[in-house]
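Visitor: The structure is given below, and queries will be raised subsequently.
The values are calculated or read from the model by the stated rules, or taken from the named source; none is laboratory data. None of these values were measured; they are calculated from a predicted model. Counting neighbours? That spans all protein chains shown, and the Cβs are built from the backbone with ideal geometry, glycine included. With ligands, DNA and RNA removed, areas are computed over all heavy atoms of the protein, side chains included. Shrake-Rupley method; radii C 1.70, N 1.55, O 1.52, S 1.80 Å.
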Amino acid sequence: MKQSYYPQEIEKKWMKIWEEKKVFKTDNNSDKPKYYALSMFPYPSGKLHMGHVRNYTITDVIARFKKANGFNVLHPIGWDSFGLPAENAAMKHNADPEKWTDENIAYMTQQLKMLGLSYDWDREVTTCKPDYYKWTQWIFLQLYKKGLVYKKEAAVNWCPDCGTVLANEQVIDGKCWRCDSEVEKKYLSQWFVKITQYADELLKDLDLLKGWGDNVKTMQANWIGKSHGAIFRFPVVDAPSGEKMEVPVYTTRPDTVHGITYLVVAPEYKDIEKLTTTENKQAVEEYRANARKMSEIERLSTDRTKTGVPLGTHCKNPFTGEIFPLWTADYALVEYGTGAVMAVPTHDTRDFDFAKKYNLPLKVVIQNPEHPSTCETEAYVDEGVLVNSGEFNGMKNTEAKKAITQKAVDEGFGEFKTQFRLRDWLISRQRYWGAPIPVVYCDKCGIQPVPEDQLPVLLPKDVDFSVVGKSPITTSPTFKDTVCPCCGGHATREMDTMDTFICSSWYYLRYADANNDKECFNKDIVNKWLPVDQYVGGIEHAILHLLYSRFFTKALRDCGLLDFDEPFANLLTQGMVLKDGSKMSKSKGNTVDPDEIFENYGADTARLFILSDSPPARDFDWSDAGVEGCYKFLNRVWRLVSSNAENISPCHSELVSGSIQNKDNDDLVRTVHMAIKGITNDITNEFQFNTVISKYRELVNAIYDWQGKKSDLNDEDKNVLSFAIVSMLKLMSPVAVYLTEEAWHEIGGEGSIHDQAWCKWDENLAKSSSITLVVQVNGKVKDKIEVDAEISKEDMEKQALNSEKVKALTDGKTIVKVIVVPKKLVNIVVK
RNA sequence: GGGCAUGUGGUGGAAUGGUAGACACGCUAGUCUUAGGAACUAGUGCGCAAGCGUGGGAGUUCGAGUCUCUUCAUGCCCACCA
């Protein structure tokens with residue numbers, strides 16, 4: 001008999017058996033209730049890191065727990081496999097990114113299997129394969145048909161030295177990640193997805209997501225950024241052309257409208273040239289050219305002092321008749337609101353800074369009656385009462401917002417306006433390793449979508465990855481030229497590929513029906529499996545991926561492809577894996593390679609440890625000593641099973657404590673019931689795996705203690721021991737997947753332990769036979785008395801008052817009150 | 001600047017408003033061993049003690065780590081959004 005536990009040998013054996021028998025295959029036609037457990041799928045970067053191990057172990061334990069509890073569980077995995085690292089590797093070695101990707105997937109697949117994850121591998125999804133991106137392209141076309149995809153001119157990150165567009169991720173501190181030169185902005189025609197059309201619903205439906213943390217919901221709400229304000233239109237009084245013009249502004253502070261002393265338009269404002277006088281033209285042009293060149297990071301940096309130039313023209317404030325100058329300044333953003341800002345330096349810190357710098361006038365219109373401010377040294381941005389505001393004087397500013405906007409509405413120069421910060425999603429990437437955008441450009445017919453029966457538009461293979469300064473896809477001699485689907489004449493293909501976030505915005509739908517080659521997924525099957533019951537992933541996806549996926553679900557719903565509103569019912573954002581207090585990273589040299597842990601301690605140890613020390617949502621500090629401790633614990637469990645194997649039967653009878661003669665046996669049975677209850681509740685509530693594992697340890701310690709009191713085992717002893725050990729193995733089976741399977745067979749169990757039903761507990765047995773009665777005097781613990789668990793309130797009080805320690809403290813004092821908490825404590829209040 | 005978290009022993013962390021420090025790591029003794037970085041046993045918040053203890057200060061309560069207010073510190077995310 002084995003006296004010590006050899007994970008390498010045991011784990012490899014079971015890994016193979018489970019794989020051959022497809023133990024974790026999911027049946028689409030089961031009549032059990034469904035449960036969809038999902039981890040965010042990985043980018044095939046080469047090797048798993050500990051963050052993956054944590055993420056997938058958490059989801060795996062949930063999936064196994066739900067399966068044991070009678071659910072038909074969908075637990076799939078796939079690969080978010082388009083993206084820059086593959087292309088970079090390809091460019092470095094002038095090799096095919098597909099080869100690099102495939103090799104990584106093969107390696108990581110082995111690692112995932114080693115980790116003992118209960119995936120249904122028949123549903124594996126790989127976003128860079130034509131059988132997947134065909135449907136990504138098809139979905140793009142549906143969105144195009146719906147008007148949710150459009151093309152427009154937009155600024156991109158441009159590296160002048162490499163002559164190429166950079167993704168945001170490739171811009172590091174405003175510089176090119178490859179050549180370190182300053183990144184500029186450049187205007188190109190780009191594809192956009194109209195996510196803003198769903199801004200209101202994306203915000204409103206956050207309320208439906210009861211199973212999401214408030215932190216993630218708040219981040220999304222802030223990102224969507226709904227604000228209520230007004231649009232005011234200011235007539236231009238001296239447009240150089242003499243034409244009648246007006247400048248509309250958006251403001252959330254209509255109450256300050258009487259305090260306007262100037263007006264700012266963004267450098268990219270569409271009418272800016274028509275609003276500039278001849279004398280100011282040169283200065284304005286120079287300022288705009290400079291702003292265009294500046295990188296996003298430079299421009300948006302807050303510590304930068306504000307700059308701007310006057311246009312030379314003026315507007316009239318329709319509320320006051322005052323004339324004020326127009327300026328351009330890059331603190332006005334062309335993409336937000338109307339691209340123009342009404343400046344009230346007295347009540348806005350940005351306007352204040354700008355006005356001080358350029359000596360623009362200040363006019364106070366809001367005051368705190370108790371502490372009036374002249375706003376000479378700083379803007380007064382808090383609430384107050386209107387002054388210098390004509391008919392609105394004396395009104396509270398919160399009320400004035402409405403009244404003033406209403407006046408503008410009535411007189412025809414303004415309206416109420418709701419504004420979002422959310423922008424449309426730029427999805428064009430001037431890159432090779434992505435899904436080609438299925439569009440062609442015909443000289444005669446213009447933009448033409450590729451007909452659906454011609455999908456997929458395959459990535460060309462005849463490309464040169466060594467090129468610098470352009471996307472490798474443009475070097476293909478065969479890709480560019482094609483035929484117009486409309487007129488049959490010559491057309492050229494779109495050379496841009498899609499942002500990989502598109503691919504990852506619908507993969508969770510594909511899992512439900514992963515091998516469908518007729519449609520992206522069958523509507524009924526998707527309706528059956530979705531929404532995902534539990535989604536697990538890193539907080540870093542709190543905004544982009546989760547928002548895009550929510551948008552996709554709503555858009556596909558409106559295309560008639562599915563019938564639900566939100567894709568992820570419950571979301572668990574796991575914390576980071578740290579080492580020595582900082583995030584594991586190659587540059588810091590504090591990474592831990594999962595392979596080494598598997599090799600030295602086994603996957604069960606890795607699984608146990610990664611769950612043990614912190615609750616899932618919190619950051620987890622890796623410690624080598626902790627791994628060692630988990631390994632020792634598993635060996636301790638193994639010794640407990642193997643040294644008792646011949647005393648244990650896997651089919652123990654149901655144990656009722658009344659029929660048990662021996663006190664130690666009764667205590668152990670109660671301990672087991674308490675463990676079942678506690679562990680089940682800890683998993684069910686918030687997935688508190690760290691306390692689950694401490695309860696494993698308590699249970700194992702209790703069995704060892706029990707064993708220490710026994711020499712020869714009688715039938716009752718054996719029965720109780722069997723009950724304890726079999727329960728322990730079942731409770732541990734979602735975490736220590738290999739050890740429990742091996743142990744299950746060691747004691748003669750049939751089939752797989754992973755097909756066994758979860759343990760049940762008896763409420764009457766899930767408590768100990770005696771309790772510690774805590775006696776407090778004035779809220780401080782003074783005595784503890786061991787009493788029967790069924791003690792009455794009266795007896796509790798009597799026992800407490802009889803305590804010698806209590807008597808000593810209450811002698812000669814008045815007992816004001818006695819509080820009795822049933823079966824817990826007595827508090828005696830004395831004076 | 002805004003938002004969101006989090007503050008408990010030497011360390012990771014437990015505690016439906018009811019025994020603070022479960023369970024571990026570490027450490028200290030000891031047992032068994034040729035040896036042990038294995039296993040087992042005992043101990044381990046601080047303080048000689050009365051007592052004191054959950055970042056600080058107030059409050060609610062018979063009773064507060066937990067609830068309220070306030071303050072400080074740390075971390076993360078967003079950041080010229082008018």
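Visitor: What does the charge count near A:F633 come to, summing +1 for each Lys or Arg and -1 for each Asp or Glu among other residues with Cβ under 14 Å from its Cβ? All intermediate terms of the calculation are to be shown ahead of the outcome.
Guide: Details: positive: A:R607, A:K632, A:R636, A:R639, A:K695, A:R697; negative: A:D604, A:D613, A:E628, A:E698.
So the environment of A:F633 carries a net charge of +2.
Visitor: Using a 1.4 Å probe on the protein chains only, how many percent of the accessible area of chain A belongs to carbon and sulfur?
Guide: Details: 18030 of 36640 Å².
Carbon and sulfur together cover 49 percent of it.
Visitor: Can you check what the net charge comes to around A:K807, using other residues whose Cβ is under 15 Å from the Cβ of A:K807 (Lys, Arg +1; Asp, Glu -1)? Write out the running numbers ahead of the final one.
Guide: Numbers: positive: A:K782, A:K798, A:K805, A:K813; negative: A:D783, A:E797, A:E804, A:D811.
Computed value for this residue: 0.
Visitor: Which trypsin sites (Lys or Arg not before Pro) does the stretch A:576-651 hold that lie in a coil by DSSP with at most 13 other beta carbons within 10 Å?
Guide: Numbers: sites: A:K579, A:K583, A:K586, A:K588, A:R607, A:R618, A:K632, A:R636, A:R639; in loops: A:K586, A:K588, A:R618.
Taking the stretch A:576-651 and a limit of 13 other Cβ atoms within 10 Å, the loop trypsin sites (Lys or Arg not before Pro) found are A:K586, A:K588, A:R618.
Visitor: Kindly report the accessible area of chain A per residue (heavy atoms of protein chains, probe 1.4 Å, no ligands, DNA or RNA), in Å². Intermediate results must be reported in sequence, preceding the final value.
Guide: Numbers: 36640 Å² over 831 residues.
Per residue, chain A has 44 Å² of solvent-accessible surface.
Visitor: Oh, and also: With each label point set 7 Å from Cα along the Cα-Cβ vector, what nm distance links A:E153 and A:N69?
Guide: Taking the simple label geometry, A:E153 and A:N69 are separated by 5.8 nm.
Visitor: Can you give me the long-range amide H partners of A:V247? Hydrogens built in the peptide plane at 1.01 Å from N, cutoff under 5 Å, separation of 5 or more residues or another chain.
Guide: A:F234, A:V236
Visitor: Going from the alpha-carbon gyration tensor of chain A, what semi-axes, largest first and in whole Å, does one get by taking the root of 5 times each eigenvalue? Kindly include the intermediate steps, with their values, before the conclusion.
Guide: Details: eigenvalues 742, 340, 102 Å².
Computed over chain A, the values are 61, 41, 23 Å.
Visitor: Now for a different question. HN-Hα J couplings of the stretch A:817-828 from phi, Karplus 6.51/-1.76/1.60, θ = phi - 60°, integer Hz, Gly and Pro as x?
Guide: 6, 10, 9, 10, 9, x, 6, 9, 8, 10, 10, 9
Visitor: For the stretch A:438-452, take each phi angle, set θ = phi - 60°, evaluate the Karplus expression 6.51 cos²θ - 1.76 cosθ + 1.60, and give the result in whole Hz per residue in order, putting x for glycine and proline.
Guide: x, 9, 10, 10, 9, 4, 8, 9, x, 5, 10, x, 5, x, 4
Visitor: To continue, here is another question. How high is the FRET efficiency from A:H93 to A:N516, r the C-beta distance, R0 45 Å, rounded to 0.05?
Guide: Values: r = 36 Å, r/R0 = 0.79.
Plugging the Cβ-Cβ distance into 1/(1 + (r/R0)^6) gives 0.80.
Visitor: Extension gain A:K663-A:V409, at 0.36 nm per residue separation less the Cα-Cα distance, in nm? Don't skip to the answer; put the middle values down first.
Guide: Values: separation 254, 0.36 × 254 = 91.44 nm, distance 8.38 nm.
Stretched fully, the A:K663-A:V409 segment lengthens by 83.1 nm.
Visitor: For a Förster distance of 30 Å, can you work out the FRET efficiency between the beta-carbons of A:V468 and A:S189, rounded to the nearest 0.05?
Guide: Values: r = 23 Å, r/R0 = 0.77.
The value I calculate is 0.85.
Visitor: For the ranges A:562-574, A:44-56, what's the packing order if you count other beta-carbon atoms within 10 Å of each residue, average per peptide, and put the highest first?
Guide: A:44-56, A:562-574
Visitor: Subtracting the Cα-Cα distance from 0.36 nm times the residue separation, let me have the gained length for A:C445 to A:D238 in nm, one decimal.
Guide: Details: separation 207, 0.36 × 207 = 74.52 nm, distance 4.32 nm.
Contour length minus Cα-Cα distance gives 70.2 nm.
Visitor: Spin-label point model (7 Å from Cα, Cβ direction): what's the A:E9 to A:T398 distance in nm?
Guide: For the pair A:E9/A:T398, the computed spacing is 7.5 nm.
Visitor: Long-range amide H contacts for A:L311: which residues qualify at under 5 Å (H placed 1.01 Å from N, peptide plane, sequence gap of 5 or more or a different chain)?
Guide: A:L326, A:W327, A:T328
Visitor: Over 5 Å intervals from 0, what percent of Cα-Cα pairs in the stretch A:673-738 sits in each interval?
Guide: With a bin width of 5 Å, the distribution comes to 3, 16, 26, 23, 14, 9, 5, 2, 0.
Visitor: Same structure again: Which FRET efficiency, nearest 0.05, do A:D481 and A:R292 yield, Cβ-Cβ r, R0 25 Å? List each step's numbers first, then the result.
Guide: Working: r = 34 Å, r/R0 = 1.35.
Computed FRET efficiency for A:D481 and A:R292: 0.15.
Visitor: Among the DSSP beta bridges whose two residues both lie in chain A, what percent are antiparallel, rounded to the nearest 5?
Guide: On the way: 73 of 97 bridges.
The antiparallel fraction comes to roughly 75 percent.
Visitor: What number, in percent, do you get for the relative contact order of chain A if the mean sequence gap of Cα pairs under 8 Å and at least 6 apart is divided by its residue count?
Guide: Details: 1510 pairs, mean separation 114.8, N = 831.
Taking the mean separation of contacting Cα pairs over the length of chain A, I get 14 percent.
Visitor: Within a Cβ distance under 13 Å of A:H314, other residues only, what is the Lys/Arg minus Asp/Glu net charge?
Guide: Numbers: positive: A:K316; negative: A:D238, A:E246, A:E322.
Net of charged neighbours comes to -2.
Visitor: Extension gain A:R421-A:K47, at 0.36 nm per residue separation less the Cα-Cα distance, in nm? Before the final figure, lay out each step's value.
Guide: Details: separation 374, 0.36 × 374 = 134.64 nm, distance 3.77 nm.
Stretched fully, the A:R421-A:K47 segment lengthens by 130.9 nm.
Visitor: Pull up all non-local amide H partners of A:A154: gap of 5 or more, or a different chain, and H-to-H distance under 5 Å with H placed in the peptide plane.
Guide: Result for A:A154 returns A:L188, A:S189, A:Q190.
Visitor: Could I ask something else about it? If I model a spin label as a point 7 Å beyond the Cα along the Cα-Cβ vector, how far apart are those points for A:S643 and A:S227 in nm?
Guide: 6.9 nm
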